[in-house]
Amino acid sequence: MIILFYLAAVIAILSTVAVIVQTNIVHALIYLILSLLAVAVIFYVLGAPFAALLEAIVYAGAIMVLFLFVIMMLNLGQHTRDEERSWLSLKGWVAPVIMSSVLLVQLINVLTQYDYELVPIRVGVMEVSVLLFGPYVLAVELASILLLAGLVAAYHLAKK
Amino acid sequence: MESIPIEHSLILASILFALGLIGVLTRRNIVFVLMSLEIMLNASGLAFIVGGARWGQAEGQVMFIVILTLAATEVAVGLGLIIQMYRQFQTVDINVLSEMKG
């Protein structure tokens with residue numbers, strides 16, 4: 001189980017790196033789906049099978065298909081790939097990478113001060129649902145209002 | 001059941017978040033910027049799941065579902081904006097948006 005965790009972690013990091021350095025947008029999208037599926041495996045190992053399912057169905061399924069539709073609509077072909085290659089200069093990478101690395105080192109420095117062990121206990125659909133329809137019912141209502149607002153906004157924005 | 005060191009899972013979430021941040025800062029194609037934002041939201045969801053798993057509680061998953069809804073809404077609105085931008089400027093370069101017109 002623990003080997004599965006580290007394997008999925010390595011796959012997630014490598015495919016995410018591939019997403020941000022890729023020039024072909026469809027390849028980047030496929031790498032992003034691979035990264036999300038690796039994170040879903042990690043969720044399963046950590047004892048959250050419902051979150052793993054949602055990650056695979058909603059993230060890697062629905063949201064990525066939405067991206068694919070828009071890429072098809074925009075018709076980004078060979079010329080955008082060449083354009084993309086000319087945009088990605090080494091000079092533009094240096095400052096963001098240094099700043100993010102400093103942030104990451106600080107974060108890791110803080111996180112390694114604790115050495116808690118995590119023993120995965122399976123928390124299934126029932127426990128999550130009892131919370132969702134009990135004390136957190138307001139969060140569900142707010143999420144539905146947010147989705148409705150998003151639906152209206154997306155319809156209005158994409159209209160000609 | 002073997003135990004997983006909690007800092008390794010949190011470090012993984014931090015690495016994914018930092019990679020998404022690098023993507024947001026470096027890319028000029030707006031579709032890539034939106035994808036990097038997805039990576040960052042996903043990393044924060046992973047941190048919530050790790051926190052929930054540490055205590056064996058379902059609250060982390062509840063928060064993950066809220067983040068999932070947020071990500072879906074953000075993508076729908078963002079992609080609508082991208083389509084509108086492509087109609088007006090015929091490009092996905094975010095640098096053309098640096099000037100405000102009327």
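The values are calculated or read from the model by the stated rules, or taken from the named source; none is laboratory data. Values in this document were obtained by computation on a predicted structure and should not be read as measured data. Cβ coordinates were reconstructed from backbone atoms using ideal geometry, including for glycine residues, and neighbour counts include every protein chain displayed. To get the accessible areas, we keep the full protein, side chains included, count just its heavy atoms, and leave off ligands, DNA and RNA. Shrake-Rupley method; radii C 1.70, N 1.55, O 1.52, S 1.80 Å.
Heavy-atom accessible area, probed at 1.4 angstrom with all protein chains present, ranks A:LYS91, A:LYS159 as A:LYS91, A:LYS159, highest first.
For A:ASP82, B:ASP93, A:ASP115, the ranking by accessible surface with the largest value first comes to A:ASP115, A:ASP82, B:ASP93, using a 1.4 Å probe. Computed over protein heavy atoms with a 1.4 angstrom probe, the accessible surface ordering of A:THR112, B:THR26, largest first, is A:THR112, B:THR26. Across segment A:13-21, rounded Karplus estimates of 3J(HN,Hα) from the backbone phi angles (6.51 cos²θ - 1.76 cosθ + 1.60, θ = phi - 60°) give 5, 4, 6, 5, 4, 4, 5, 7, 9 Hz, Gly and Pro being marked x. Only protein heavy atoms count here; under a 1.4 Å probe, A:TYR31 has an accessible surface of about 90 Å². Placing R0 at 35 angstrom, the Cβ-Cβ distance between A:ARG85 and B:GLN57 gives a FRET efficiency of 0.15 after rounding to 0.05. Residues within the reach of a label modelled at A:LEU14 (point 7 angstrom out along Cα to beta-carbon, backbone nitrogen below 17 Å), restricted to segment A:37-75, are A:37-42. For the protein assembly as shown, the share of accessible area belonging to carbon and sulfur comes to 72 percent (1.4 Å probe, ligands and nucleic acids excluded). In the elastic network of chain A, a GNM with C-alpha springs shorter than 10 Å, the most mobile of A:PHE67, A:PHE133, A:PHE43 is A:PHE133. Between A:LEU14, A:LEU74, A:LEU46, the GNM of chain A built on Cα springs shorter than 10 angstrom shows A:LEU74 fluctuating the most.
Put a plus charge on the Cβ of each Lys and Arg, a minus charge on the Cβ of each Asp and Glu, and nothing anywhere else: the dipole of chain B about its Cα centre is then about 340 debye. Quick one: Debye curve from the C-alpha atoms of segment B:22-102, no solvent, what's log10 I(q)/I(0) at q = 0.19, 0.26 Å⁻¹? Debye output, listed in q order: -0.84, -1.18. The charge dipole of segment A:21-160, taken about its Cα centre with unit charges on the Cβ atoms of Lys, Arg (+1), Asp and Glu (-1) only, comes to about 460 debye. Using C-alpha pairs below 8 Å separated by at least 6 residues, the relative contact order for chain A is 21 percent.
Value of Rg to Rh for chain A, rounded to two decimals, is 1.03; Kirkwood radius and Rg both from alpha-carbon coordinates. Can you work out the PRE-style zone for A:ILE2? Point 7 Å along Cα to Cβ, and I want the residues of segment A:111-153 with backbone N under 19 Å. Correct set: A:112-122.
Surface analysis of the protein assembly as shown yields an accessible area of 51 Å² per residue, using protein heavy atoms and a 1.4 Å probe. Once C-alpha pairs closer than 8 Å and six or more residues apart are averaged by separation and normalised to the residue number of chain B, the relative contact order reads 26 percent.
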